[in-house]
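Here's the structure, in structure tokens; my notes come after.
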Amino acid sequence: MDILVIGNGFDLAHGLKTSYKDFLEACHKMSLQEPIEGKTDYKKLCDCNLWMKHFITRQKQLGNTWIDLENEIYTVIKKIEKICRQNYLASGKVLTLEKRINDFNILTIEKFLRDTSWGEQLCKDGYINPCNPSYIHFYIQTYQDFVTLLYGQLREFTQAFEQYIIQDVLTQITPTIKYDFSLQPQTGSVHVLSFNYTDTYEKLYKRKSIYADPKSVYVYIHGKASTTEGCNLVLGTHSFYNYLPNDLNENIPVEFNVFKKHNQRHRYGTIEAYQNFLKLLTDPKRVIKPVFHVIGHSLDKTDHKILKHVFLANKNAIINIYYHDEESQERLINNITEIIEEDEVMTKVRLIYQHDEIRGLLRRHENNSI
């Protein structure tokens, strides 16, 4: 059984602007233009969404380094947890944030909460349109209200990202591709476990593949961008502890669990397809020898638990990990070792250059030197 495990690097290898950095840059560019009917109001998003303002600020600080949104979310909720139970969020107050502050950063929220001007109760639903356009007002009554506000703002950001993917990314997927996808499967089908929001593999290779099979299973762990009503995309952080012995500083209250990818997979219904895939992978009535082909996934911390789960579900598994340069090769070795530990790596894992002419998955066309 062959299982293709796809991460964002797969999209990037095909020239698609699917990174969060690409999205932030697009939002900034579009915010300077007049809103287009039927598309996201990027000016409003950049001016009013707390996470967008935070991510843009952090990306500027990082320069050419890509922002790690999942880690940023975790860093923020750890910071917020330490301060938002304090008296800054007194009952019936209205939190006022200046939206034109260029260096806004959620990590400085303590200063905003301490120094802000407080008003009377004005509105219980999100931000309002006050007479002074330089301010955004949020009604905050309780600790839970603040957590709810932050999560609601994150979902607004996620929905905007989904629209960006649909309107600006998926429209760029064309039959003219850079690579020949080459995989010699054990059987007539290849199952796909995707951590992306896009269906790039299906659009480019599914119908052309000599091993295309209607029995192939396609699982989108974090949801799939869709024009249907509602957004099921998972955007959060890795699992964290709510309770630890000795009252360690890593404790985070359960109210923040909505930010966990684990919780969101259940909340937005992406976990069931994965559960069904596991049943196929561990079917006791069949002798199954899974071969995982991991391409474009960094194997980073935010997905460690689910990757460990699937990689170790069947004791016969072999894991082929495809890298694009020497630096990524070293990083992938370290990350896979953290996930399944050194003994399992020694017996199961093989590192392969993704453009290798014999073993690589993405072989360049003869007339393509990119």
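Each value in this text was obtained by applying a stated rule to the coordinates, not by laboratory testing. As the structure is a prediction and not an experimental result, all values here were calculated from the model. Note: ideal-geometry Cβ built from the backbone for every residue, glycine included; neighbour counts use all protein chains shown.
Numerical summary
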read-out: Potential extension, K17-N257 segment - 0.36 nm per residue separation minus Cα distance; value: 83.4 nm
read-out: Proxy reagent accessibility, fewest Cβ within 10 Å first, across Y274, Y323, Y241; value: Y241, Y274, Y323
read-out: Surrounding net charge for D325, when Lys and Arg each add one and Asp and Glu each subtract one, Cβ distance under 13 Å; value: -3
read-out: Vicinal HN-Hα couplings computed from phi for region 42-57 (Karplus, 6.51 cos²θ - 1.76 cosθ + 1.60; Hz; Gly/Pro x); value: 5, 5, 4, 4, 6, 7, 10, 7, 4, 5, 4, 4, 5, 5, 4, 4
read-out: Region 300-370, relative contact order in percent, only Cα pairs under 8 angstrom and at least six apart counted; value: 31 percent
read-out: Neighbour-count order for M30, M346, fewest beta carbons within 10 angstrom listed first; value: M346, M30
read-out: Long-range amide H partners of I318 with built H, under 5 Å; value: V291, F292
read-out: Built amide H within the under 5 Å cut-off of V192, gap 5+; value: L4, V217, Y218, V219
read-out: Hz values of 3J(HN,Hα) by residue in region 221-235 - Karplus curve (6.51, -1.76, 1.60), Gly and Pro given as x; value: 4, 9, x, 9, 4, 8, 8, 5, 5, x, 10, 9, 6, 9, 9
read-out: Amide N of region 342-363 lying under 19 Å from the label point, which is placed 7 angstrom from the Cα of E326 along Cα→Cβ; value: 351-357
read-out: Cα-Cα over 28 Å, subset of K17/K348; K44/K224; K82/K308; value: K17/K348; K82/K308
read-out: Gained length - K60 relative to E342, 0.36 nm times residue gap less alpha-carbon distance; value: 97.8 nm
read-out: Net lengthening on full extension, R267/R359 (0.36 nm per residue, minus Cα-Cα); value: 29.2 nm
read-out: Using a Förster distance of 30 Å, the FRET efficiency for E37-T228 (Cβ separation, nearest 0.05); value: 0.90
read-out: Per-residue HN-Hα couplings for region 337-346 [Karplus 6.51, -1.76, 1.60; θ = phi - 60°; Hz; x = Gly/Pro]; value: 5, 5, 6, 10, 6, 4, 4, 5, 4, 4
read-out: 13 Å cut-off, amide nitrogen to a point 7 angstrom out along R286 Cα→Cβ, residues in region 1-29; value: 1-3
